[in-house]
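The structure appears below as structure tokens.
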Amino acid sequence: MREHLDPQASPAESGAEKSHPLQLPQFSLRKAVRPLIAKPAPVLEVAEGLALRSLEPDDEHLLYDLVERNRSHLESWLSWIEQIKTLRDCRRFVDKTRYNDIFSGRWVYGVWYEDALVGLLDFNEGDRTLNQISIGYWLDEAHQGRGIVTRCVVKALDYVFSSEEIARILIKCATTNKKSQAIPERLGFTFEGVDKDAGTVQGKLVDMATYSMLYREWMEHQAKRASNTQP
Ligand SMILES: CC(C)(COP(=O)(O)OP(=O)(O)OC[C@H]1O[C@@H](n2cnc3c(N)ncnc32)[C@H](O)[C@@H]1OP(=O)(O)O)[C@@H](O)C(=O)NCCC(=O)NCCS
């Protein structure tokens, strides 16, 4: 089915051209060079069957399928989804997700649930002066309602606060995006306020709510969580 995904893809790219069994596997410059310039982010095991793992070149088909399946669900909230229309767009996207450092804006995790790609979580809007980043996320419509993203955000915060010099993490969502707002609210983030006309959704300006979590607040939350789980 892949050959039908991207009308612009060449037969070799789309998989329509099969190699002869005796032929050596085709050399891919892209796959060979990537490890030299792209440092993979560490895999974060969130729970049994749930993990955050970087996207590899082979995952572009999975990303394309996921975006296509969820286009109407996502375009209600994510304006950049309009720029991801073909398999080639997904390839460019995956190639750009090269982890350099937390402030690069290129640290994107796939959300993997029972070995299927079901969403993305990324660190963006890094500010080195304030040691601050924002977290963004989206999830396959059919996988909503199971706490997948909430649990991934907990893991991401645990990881980032313990291994990076990050003091403040923000989550920003349209004020009308109640499912997204429920995530920072569920996790005890502080509601910072609303920036008017600060985002765009479906070509229209929308008000954006900002939530924050400080390093010291997260440590307090962790201590409470630990004492609640003690017998
Ligand atoms: C925003 C979005 C990721 C939220 O998805 P979600 O499934 O509601 O979020 P979670 O995966 O954290 O699941 C939370 C739900 O699972 C339930 N849940 C079940 N087990 C849970 C657990 N262990 N922990 C937390 N919640 C759990 C919660 O009660 C909640 O259900 P509810 O909505 O009925 O109250 C999703 O709607 C989405 O991708 N939307 C489109 C893109 C988008 O808006 N992105 C954000 C832009 S700012």
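The values are calculated or read from the model by the stated rules, or taken from the named source; none is laboratory data. Every value quoted in this text rests on a predicted model; they were computed, and no experiment measured them. Reconstructed Cβ throughout: ideal geometry from the backbone, glycine too, with neighbour counts over all protein chains shown.
What the table below lists for this structure:
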{"item": "Segment 157-183, residues that are in contact (Cβ under 8 Å) with a residue 12 or more places away in the chain and either near the ligand (Cβ under 10 Å from one of its atoms) or hydroxyl-bearing (S, T, Y) (or both)", "result": "Y159, I171, K172, C173, A174, T175, T176, N177, K179, S180, Q181, I183"}
{"item": "Options L74, L50; residue that is under 27 Å from S162 (Cβ atoms), under 16 Å from the mean Cα position of the chain (by Cα) and in contact (Cβ under 8 Å) with a residue 40 or more places away in the chain", "result": "L50"}
{"item": "Single condition A142 does not satisfy, out of (1) over 16 Å from L78 (Cβ atoms); (2) touching a Phe, Trp or Tyr at 6+ places or on another chain (Cβ under 9 Å); (3) at pLDDT 95 or above", "result": "(2)"}
{"item": "Enumeration of residues in segment 121-141 that are within 20 Å of V67 (Cβ to Cβ) and in contact (Cβ under 8 Å) with a residue 40 or more places away in the chain", "result": "L121, Y137, W138, D140, E141"}
{"item": "Any hit, segment 190-206, residues being in a strand (DSSP E or B), of a type in the set (S, T, N, Q), in contact with a helix residue (DSSP H, G or I) (Cβ under 6 Å, 6 or more places away or on another chain) and away from the ligand (no atom under 11 Å from the Cβ)", "result": "yes"}
{"item": "Among residues of segment 172-184, those that are in a strand (DSSP E or B) and over 16 Å from the mean Cα position of the chain (by Cα), counted", "result": "1"}
{"item": "Filter result for the condition that a residue is at pLDDT 95 or above and among the charged types (D, E, K, R), over E17, E45, E75", "result": "E45"}
{"item": "Test set (1) modelled with pLDDT of 90 or more; (2) in a helix (DSSP H, G or I) - L36 fails condition number", "result": "(1)"}
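Let's see how each residue does on (1) within 12 Å of the ligand (Cβ to nearest atom); (2) within 13 Å of the chain's Cα centre (by Cα); (3) farther than 20 Å from G188 by Cα:
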site: V111; (1), (2), (3): yes, yes, yes
site: D115; (1), (2), (3): no, no, yes
site: N124; (1), (2), (3): yes, yes, yes
site: D127; (1), (2), (3): no, no, yes
site: L130; (1), (2), (3): no, no, yes
site: H143; (1), (2), (3): yes, no, yes
site: I148; (1), (2), (3): yes, yes, no
